[in-house]
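Since the structure comes first, as structure tokens, the remarks are kept for the end.
The values are calculated or read from the model by the stated rules, or taken from the named source; none is laboratory data. Please read all numbers here as calculations on a predicted model, not as lab measurements. All Cβ positions, even for glycine, are placed from backbone atoms using ideal geometry, and neighbour counts span all protein chains on display. Remember, those area values only see protein heavy atoms, side chains included, never the ligands or the DNA or RNA. Shrake-Rupley method; radii C 1.70, N 1.55, O 1.52, S 1.80 Å.
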Amino acid sequence: QVQFVESGGGLVQPGGSLRLSCAASGFIFDIYAMGWYRQAPGNQRELVASISSDGTTHYTNSVQGRFTISRVNAKNTMTLHMNNLKPEDTAVYYCNTQYEPWAWGQGTQVTVSS
């Protein structure tokens, strides 16, 4: 059974930082490109960062230079370091495979507000 468990969200002031963690199970993690997604109220879920099985990364323009995605294949885990957070980063953040995502986990709420 494929499962994703996200953690690390919270309330942070603009300009602050957070580190999100993802624990994946139920599939062969190290052969899949993975991604961090987010969904803000009233918006569709969007892919904000991705990392291939060999560590190549891509970011959507709005987070480029502020977010860093990484993975540890031996531990089936993935991390998203978020710096210089902005109010528009407020959303529920999810991890999943980059292509043909499986069932979604519960996500972790990130709120950026003063």
Distance between the stretch 25-56 and the stretch 1-22 - C-alpha centres, whole angstrom: 13
Solvent-accessible area, 1.4 Å probe, carbon plus sulfur percent, for the chain: 46
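What FRET efficiency do you get for Gln39 and Ala74 if R0 is 41 Å and r is their Cβ-Cβ distance, rounded to the nearest 0.05? The partial results should precede the final answer.
Values: r = 30 Å, r/R0 = 0.72.
For R0 = 41 Å, the calculated efficiency reads 0.90.
Work out how much length Thr57 to Gln109 would gain on full extension: take 0.36 nm times their residue separation and subtract the Cα-Cα distance, in nm to one decimal. Walk me through the numbers on the way to the answer.
Details: separation 52, 0.36 × 52 = 18.72 nm, distance 2.30 nm.
Full extension of this stretch gives 16.4 nm more.
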Cβ-defined net charge surrounding Gln13, 13 Å radius [Lys, Arg +1; Asp, Glu -1]: 0
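Assuming 0.36 nm per residue, please report the length gained on full extension of the stretch Ser7 to Leu47 beyond their Cα-Cα distance.
12.7 nm
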Heavy-atom surface of the chain, accessible at 1.4 Å and reported per residue (Å²): 53
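Taking the Cβ of Gln39 as the centre, find all other residues whose Cβ is under 14 Å away and add up their charges (Lys, Arg: +1; Asp, Glu: -1).
Working: positive: Arg38, Arg45; negative: Glu6, Glu46, Glu88, Asp89.
Taking every other residue near Gln39 into account, the sum is -2.
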